[in-house]
Amino acid sequence: MSEVKNLVEVQHLQQYFPAGGHGAKKRYVQAVDDVSFAIRKGETLGLVGESGCGKTTTGRTLLRLYEPTDGRVIYDGKIIFDSGKHPLQNSDGTPILGADGQPQMGKKVAVDMLPYRRKMQIVFQDPYASLDPRMTIGDIVGEAIDIHHLAENQKERQDKIIALLATVGLNSEHANRYPHEFSGGQRQRVGIARALAVDPEFIVCDEPVSALDVSIQAQVVNMFEDLQREMGLTYLFIAHDLSVVKHISNRIGVMYLGKLVELADSFELIGHSVHPYTRSLISAIPVADPKTARNSQRIVLQGDVPSPLNPPSGCRLRTRCPYADERCAAEVPAFKEVGPGHWAACHHLDRVK
Amino acid sequence: MSEKLLEIQDERLSFFTQAGEVKALNNVSFSMEQGDVLGIVGESGSGKSVTAYSIMGLTAYPGKLIGGTIHFNGHEIEKMTEKEFRKMRGNEVSIIFQDPMTSLNPVYTIGNQIVEVIRLHTNKTKKEAYARAKELLELVGMNEPEKRLKQYPHELSGGMRQRVMIAIALACEPKLLIADEPTTALDVTIQAQILELMQELRAKLGMSIIMITHDLGVVASMCEKIAVMYAGHIVEYGTTDEIFYQPGHEYTKGLINSIPKLNAQGKERLIPIEGTPVDLLNPPAGCPFAPRCTNCMKVCLREMPPRTDLSDTHYSLCWLHQKQQAEQGGKAE
């Protein structure tokens with residue numbers, strides 16, 4: 001059986017944002033810390049978590065819209081960013097050994113992203129803020145075509161724009177209109193058309209349906225699925241709504257305060273989650289079925305998410321976790337495989353019921 | 001029989017804007033008894049917030065009540081003056097807004113803002129009001145209330161701020177609490193905390209709640225009755241079980257079908273409601289949902305469907321019911 005190829009891979013990805021202070025007192029928002037995962041070609045990886053958990057930052061950092069502060073990003077087998085601080089890895093996670101038998105360190109790499117921007121695209125969360133109000137829809141979609149010189153002449157450019165709008169269910173007369181003339185769902189379609197303009201292989205979908213009404217949300221989710229089937233796209237689908245993510249994703253990763261805490265096949269994750277945070281997240285979702293809702297027992301986590309400026313030592317969930325003990329405060333739990341393709345980071349997996 | 005706390009009859013309300021008349025509410029009628037929890041669901045612009053605001057007289061210019069009656073706790077809302085409203089708000093009915101970030105004043109401490117409400121509505125002294133404020137913060141489950149009273153809104157998280165909003169709303173023990181999307185801006189785990197708190201408080205204080213939301217999951221767990229709104233009409237009204245298990249209106253069915261189910265076994269395709277929401281400036285002549293309805297008939301485009309009672313507690317506005325009844329009647333004869 002041939003292995004399915006990884007299209008995108010991140011290893012030990014870290015993103016710290018400076019937050020004031022000087023010298024030794026310099027402080028950082030630890031938005032993403034030591035996150036590793038791989039996305040296979042043609043699949044959808046969902047990323048869920050509460051606001052401020054770093055899921056959006058992860059998406060933007062792996063596109064290098066923010067320069068990572070540490071870690072390695074690999075796209076289609078080529079390293080596009082490497083901080084040079086971590087040993088190179090085989091695809092199974094074991095370090096590659098050099099001639100002297102020592103793990104081989106990666107070289108510092110930061111490639112020019114322009115050619116990769118044609119392959120990696122993003123759809124932003126807020127369709128009201130991510131479209132320039134002074135550009136027509138045609139120009140918004142056409143901008144990428146101009147930058148990458150994808151059209152020989154004006155007519156070809158125009159044809160391309162109209163074809164793209166048709167792909168997302170808009171028609172040619174929409175090209176001359178401005179963003180304010182559209183509803184939220186239509187604007188999100190424009191955002192998708194813009195991402196598709198360069199014929200990408202990989203799209204980061206950053207909460208693309210969160211700002212939409214439920215009835216419109218389903219239209220856009222279906223469109224993402226259709227486009228994936230027709231064009232063989234790979235998605236990183238970021239959202240806080242676990243029901244939507246479960247619907248569209250093959251695998252789901254759960255983040256909490258900058259860390260990936262659990263990663264598994266989507267059915268496995270919903271049905272047999274092992275991490276206490278994932279469990280409480282699943283139980284907290286209001287179910288749109290009165291009988292189930294009345295009988296279900298919520299696991300309500302106490303308190304609020306701590307500040308990423310000064311996260312708890314050891315396991316970051318420990319301040320809210322019912323299972324926490326001294327070990328959780330002292331040691332960062334390793335992200336290890338607990339079942340086939342099922343990863344989790346917790347010291348007390350045997351005790352979690 | 002218990003007295004009706006709230007009775008709305010054929011309420012019509014419009015906003016007179018420069019672009020023309022926006023009919024925000026069209027013949028809205030429903031009633032509530034003391035202790036009821038009613039959910040109002042619908043998409044943005046369907047009139048769910050306006051319905052609730054009109055009970056408190058918060059639909060100021062260019063909004064105008066152009067017909068119908070609202071009876072609340074012995075008041076005739078449609079005839080009340082601003083001065084009378086001021087007495088009623090806070091004391092008998094209060095509201096929690098959607099966004100706790102913007103509904104608290106950033107330049108006053110939490111304590112200040114709660115005390116202000118208490119002193120406006122009662123003749124407690126400053127000291128008594130502070131003691132009451134502390135009590136309220138304890139009631140909504142905030143730790144270290146003493147310390148919180150001296151803090152400013154920016155020092156609190158979203159969930160904490162929403163707790164403060166609830167504390168302010170409950171300051172004078174209102175009979176009716178209107179919650180306008182109280183958890184939309186919050187994360188699911190915090191949302192679960194707030195919903196649990198609201199249920200506890202309702203059991204403790206026995207108030208009625210109107211829960212406005214677009215999230216069917218929230219109403220399923222919280223409410224006993226649900227009103228589904230579309231384009232300023234209550235298109236369907238019934239108990240929670242009736243709405244979820246025997247939905248009558250095509251829009252309600254569409255809404256329920258379009259949400260992804262977390263416990264679904266296979267990969268099913270979502271069934272969206274096609275088309276876009278109505279433009280309230282130019283509403284269609286007949287049923288407002290007709291342009292998006294899959295079972296649209298000719299009559300739907302011409303005339304607004306009448307109310308069809310499906311049970312004592314359940315009604316819906318749809319021509320399909322009329323057609324069904326006519327067919328059944330025909331067979332019986």
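The values are calculated or read from the model by the stated rules, or taken from the named source; none is laboratory data. Everything numeric here is computed off the predicted structure, so don't read it as measured data. Cβ coordinates were reconstructed from backbone atoms using ideal geometry, including for glycine residues, and neighbour counts include every protein chain displayed. Heads up: the accessible areas ignore ligands, DNA and RNA and are worked out on the full protein's heavy atoms, side chains in. Shrake-Rupley method; radii C 1.70, N 1.55, O 1.52, S 1.80 Å.
Annotations for the structure displayed:
- Failed item in (1) within 14 Å of chain B (Cβ to nearest Cβ); (2) surrounded by fewer than 21 Cβ atoms within 10 Å (Cβ to Cβ); (3) β-branched (Val, Ile, Thr), with A:ILE216 passing the rest: (2)
- For the range A:229-244, a residue qualifies if it is part of a helix (DSSP H, G or I) and open to solvent by less than 10 Å² (accessible area, probe 1.4 Å), and the qualifying residues are A:LEU242, A:VAL244.
- Qualifying position, being outside any loop (DSSP other than H, G, I, E, B), buried (at least 17 other Cβ atoms within 10 Å of the Cβ), touching a Ser or Thr at 6+ places or on another chain (Cβ under 9 Å) and at the interface with another protein chain (Cβ under 9 Å from one of its Cβ atoms), among A:ALA293, A:ALA288: A:ALA293
- Pick from the range B:236-260, criterion within 7 Å of chain A (Cβ to nearest Cβ) and not in a helix (DSSP H, G or I), ranking: nearest to A:ILE270 (Cα to Cα): B:PRO260
- Residue in the range A:68-87 that is of a type in the set (A, V, I, L, M), closer than 30 Å to A:VAL244 by Cα and more than 14 Å from chain B (Cβ to nearest Cβ) present: yes
- Taken over the range B:147-189, the residue count meeting the criterion of being part of a helix (DSSP H, G or I), within 13 Å of chain A (Cβ to nearest Cβ) and open to solvent by less than 10 Å² (accessible area, probe 1.4 Å) is 3.
- Residues that are open to solvent by 40 Å² or more (accessible area, probe 1.4 Å), under 22 Å from the mean Cα position of the chain (by Cα) and closer than 12 Å to A:HIS12 by Cβ within the range A:68-85 comprise just one, A:THR69.
- Restricting attention to the range B:104-146 and to residues that are closer than 26 Å to B:THR189 by Cα and open to solvent by 70 Å² or more (accessible area, probe 1.4 Å), the residue that is modelled with the lowest pLDDT turns out to be B:ASN143.
For every residue, the table says whether it meets (1) open to solvent by less than 20 Å² (accessible area, probe 1.4 Å); (2) modelled with pLDDT of 90 or more; (3) touching a strand residue (DSSP E or B) at 6+ places or on another chain (Cβ under 9 Å).
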| residue | (1), (2), (3) |
| --- | --- |
| B:HIS249 | yes, yes, yes |
| B:LYS261 | no, no, no |
| B:LEU280 | no, no, yes |
| B:GLY286 | yes, no, no |
| B:THR294 | no, no, no |
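- The range B:1-16, residues that are at pLDDT below 90 and basic (Lys, Arg): B:LYS4
- Residues that are open to solvent by less than 10 Å² (accessible area, probe 1.4 Å) and more than 10 Å from chain A (Cβ to nearest Cβ), drawn from the range B:198-229: B:MET198, B:LEU201, B:MET207, B:SER208, B:ILE209, B:ILE210, B:MET211, B:ILE212, B:ALA227, B:VAL228, B:MET229
- Number of the condition not met by A:ASN176 [criteria: (1) open to solvent by 50 Å² or more (accessible area, probe 1.4 Å); (2) within 14 Å of chain B (Cβ to nearest Cβ)]: (2)
Conditions (1) among the small types (Gly, Ala, Ser); (2) more than 10 Å from chain B (Cβ to nearest Cβ); (3) within 14 Å of the chain's Cα centre (by Cα), marked per residue:
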| site | (1), (2), (3) |
| --- | --- |
| A:ILE203 | no, yes, yes |
| A:GLU207 | no, yes, yes |
| A:MET223 | no, no, no |
| A:SER266 | yes, no, no |
| A:SER273 | yes, yes, no |
| A:SER280 | yes, no, no |
